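Inspection log for the structure reproduced underneath, given as structure tokens.
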Amino acid sequence: MAANAQASSAQKVADRELEEKLGHNAIVDAKQATDDEHAQTLWQGLRENRRAVLWSVLISMTIIMEGYDTVLIGNFFAYPEFQKKFGRYFDTVGWQVTGEWQTALNMGSTVGAIVGGLINGYIATRYGYRWTMIVSLGILNGFIFVVFFASSAAVLLVGQILCGLSWGVFATLAPAYASEVCPTNLRGYLTTYVNLCWATGQLIASGVLRGCLGIQGEMGYRIPFAIQWLWPVPLMAICFLAPESPWWLVRSENLEQAKRSIARLAGEKTEEQINNQLAMMVHTIQMEAEVTRGATYLDCFKGDNLRRTEIVCVAFMGQILSGSSFAYTPTYFFTTAGMPPTQAFNLSLGAKGIAFIGTVLSWWLISYWGRRPLYIGGIGSLSVVLILIGILDVSAGKRSLWPSGGLCVLWLFIYSLTIGPLAYSIISETSSVRLRPLSVVLSRTSYQIINIISQFLQAYMMNPVEWNLLGKTGFFWGGTAFCVFVWSYFRLPEVKDRTYEELDILFMNRVSAREFAKTHVDPYATLGTELGEVMQVQGKESEPN
């Protein structure tokens with residue numbers, strides 16, 4: 001106890017000394033750091049922040065696990081060995097997992113992710129990103145045993161819920177960490193990289209499922225579950241070695257540790273640049289402190305933060321409302337429509353490869369076009385593709401199987417090129433710095449709630465022993481995608497090339513979403529008098545006696 005108190009006291013003394021060292025220069029240094037970020041080219045940003053890029057890439061790999069699992073359960077419903085173990089035999093269609101159990105198993109990890117994400121909002125705010133991630137990975141290692149040895153659908157459901165607790169943490173922490181360790185010109189790339197990890201996990205899962213398709217007995221579906229054990233321990237080691245987010249350390253008033261974290265993340269930054277960056281973080285936090293003091297979920301719905309919460313929640317919900325439950329993993333759709341399982345899984349594997357390529361290409365588009373045009377154009381295009389799938393099903397029936405498959409691949413490419421990766425960038429950049437862990441959790445929770453409704457509807461729409469709508473489902477999801485298209489045109493702002501200070505001012509001044517990109521802001525304009533006084537003092541101090 002005495003040692004802890006002494007260490008805490010020493011930390012406070014070090015922070016006070018650092019604040020005194022910043023002193024009158026803090027405003028000048030903060031403005032200099034902001035100007036440097038705007039002037040920095042992409043290659044300069046990569047060179048000066050190469051360690052930050054590396055740590056962000058490694059931490060985001062936790063999303064591979066969530067992406068891997070989302071493909072497993074949805075495709076297992078078309079998996080012969082899984083159908084025999086957890087389904088029933090119907091005289092008309094053979095072995096099938098009923099609509100009730102499809103809904104429950106799909107929802108299991110989603111429910112767990114909601115609970116895990118909400119808890120994570122408080123835990124990450126208090127204990128930091130690194131230790132929250134380490135504990136979550138350790139817990140997941142144990143929960144995988146439940147799904148691997150599940151003897152019934154009920155036990156498998158419990159395992160999915162328990163695993164979902166950890167996946168909810170990964171899905172909210174990874175984009176938040178990526179947005180906080182890198183400068184403005186790299187944020188878009190590293191937050192959208194989160195979606196590439198998602199696509200990578202799904203590509204790996206599709207390959208594993210295709211490879212295990214011919215294995216007889218329960219190991220045919222247990223091996224894909226067992227592969228999840230490859231990830232947690234190496235990722236725990238990475239998280240232990242990674243530097244903590246300097247923004248979280250500043251929010252926690254650990255300025256000396258924040259400075260050390262910035263130094264660890266920097267590649268070729270001088271002592272002056274590190275001090276400038278720290279001063280900018282302190283200045284941004286102070287700007288938000290009065291309206292977000294205490295950092296509770298309720299604060300996300302107060303003042304201009306209500307608009308920011310709306311944007312991050314609806315933008316993330318757009319991933320589901322764009323029809324992802326239907327078109328993202330279409331294997332079950334094609335097998336129920338009459339396509340042989342082998343061909344359906346081959347198509348799924350190829351589609352996931354297309355998704356990977358689309359996400360990589362999105363990095364180039366986002367750097368030139370920004371977030372708003374890509375999101376609006378993407379969601380509008382997805383709506384058209386889904387309606388075309390519905391029209392084909394009505395007009396051609398089973399003859400439309402392969403044309404519909406081609407449209408699903410096209411849908412997946414457009415999704416991976418636009419709203420798939422962009423949603424992660426939007427939720428990470430739009431939220432205020434002090435409320436970011438809580439805001440990202442709320443956006444993910446909104447996503448998961450819509451996902452639950454989507455999975456319930458999708459299980460019944462596609463199941464041949466339930467509603468059996470098949471391709472006509474495209475009409476429904478095409479309509480929901482169009483609603484998001486209308487919302488995004490009027491409500492989604494452009495955040496490209498904006499520092500967090502500038503975004504704070506734009507939201508405080510209630511600038512229209514369509515005017516965000518054209519509006520000029522100066523975070524230091526209101527401090528002009530004080531800044532002038534500081535520079536005068538510096539000039540006098542530099543004069544010879």
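Applying the condition of being closer than 17 Å to Leu186 by Cβ and within 20 Å of the chain's Cα centre (by Cα) to segment 346-368 and asking which residue is surrounded by the fewest Cβ atoms within 10 Å (Cβ to Cβ) yields Trp364. Every condition in (1) surrounded by fewer than 24 Cβ atoms within 10 Å (Cβ to Cβ); (2) touching a helix residue (DSSP H, G or I) at 6+ places or on another chain (Cβ under 7 Å); (3) in a helix (DSSP H, G or I) holds for Ala113 except the one numbered (1). Considering only segment 150-175, state which residues are surrounded by fewer than 24 Cβ atoms within 10 Å (Cβ to Cβ) and under 16 Å from the mean Cα position of the chain (by Cα). Passing the criteria: only Leu165. Per the listing Trp198, Trp229, the residue uniquely in contact with a helix residue (DSSP H, G or I) (Cβ under 8 Å, 6 or more places away or on another chain), within 29 Å of Leu54 (Cα to Cα), crowded, with 18+ Cβ neighbours inside 10 Å and among the aromatic types (Phe, Trp, Tyr) is Trp198.
The lone criterion from (1) surrounded by 15 or more Cβ atoms within 10 Å (Cβ to Cβ); (2) in contact with a helix residue (DSSP H, G or I) (Cβ under 7 Å, 6 or more places away or on another chain); (3) at pLDDT below 90 left unmet by Glu268 is number (1).
For the condition under 16 Å from Phe476 (Cα atoms), at pLDDT 85 or above and surrounded by fewer than 20 Cβ atoms within 10 Å (Cβ to Cβ), Gly380 qualifies. Within the bounds of segment 137-155, is there any residue that is in contact (Cβ under 8 Å) with a residue 24 or more places away in the chain and on the phi > 0 side of the Ramachandran plot? No, because not a single residue in segment 137-155 is in contact (Cβ under 8 Å) with a residue 24 or more places away in the chain and on the phi > 0 side of the Ramachandran plot.
May I ask you to verify whether Thr200 is part of a helix (DSSP H, G or I), within 26 Å of Ser362 (Cα to Cα), under 18 Å from the mean Cα position of the chain (by Cα) and at pLDDT below 80?
No.
Checking Ala525, Ala517 one by one, the residue that is among the aliphatic types (A, V, I, L, M), modelled with pLDDT under 80, surrounded by fewer than 24 Cβ atoms within 10 Å (Cβ to Cβ) and under 25 Å from the mean Cα position of the chain (by Cα) is Ala517 and no other.
Only one entry of Phe413, Phe490, Phe476 meets the criterion of being modelled with pLDDT of 80 or more, surrounded by fewer than 24 Cβ atoms within 10 Å (Cβ to Cβ), assigned to a helix (DSSP H, G or I) and touching a helix residue (DSSP H, G or I) at 6+ places or on another chain (Cβ under 6 Å), and that entry is Phe413. Exactly one residue out of Phe90, Phe77 is modelled with pLDDT under 80, of a type outside the set (Gly, Ala, Ser) and surrounded by 21 or more Cβ atoms within 10 Å (Cβ to Cβ): that is Phe77.
With Tyr122, Tyr193 as the choices, which residue is closer than 21 Å to Cys313 by Cα, surrounded by fewer than 24 Cβ atoms within 10 Å (Cβ to Cβ) and either among the charged types (D, E, K, R) or at pLDDT below 85 (or both)? Among Tyr122, Tyr193, only Tyr122 is closer than 21 Å to Cys313 by Cα, surrounded by fewer than 24 Cβ atoms within 10 Å (Cβ to Cβ) and either among the charged types (D, E, K, R) or at pLDDT below 85 (or both).
Has segment 295-304 got any residue that is at pLDDT 80 or above, within 30 Å of Ile123 (Cα to Cα) and in a loop (DSSP other than H, G, I, E, B)? Yes, because at least one residue in segment 295-304 is at pLDDT 80 or above, within 30 Å of Ile123 (Cα to Cα) and in a loop (DSSP other than H, G, I, E, B).
The values are calculated or read from the model by the stated rules, or taken from the named source; none is laboratory data. Because the structure is predicted, anything quoted here is derived from the model rather than measured. With ideal geometry, Cβ positions are generated from the backbone for all residues, glycine too; neighbour counts draw on all protein chains shown.
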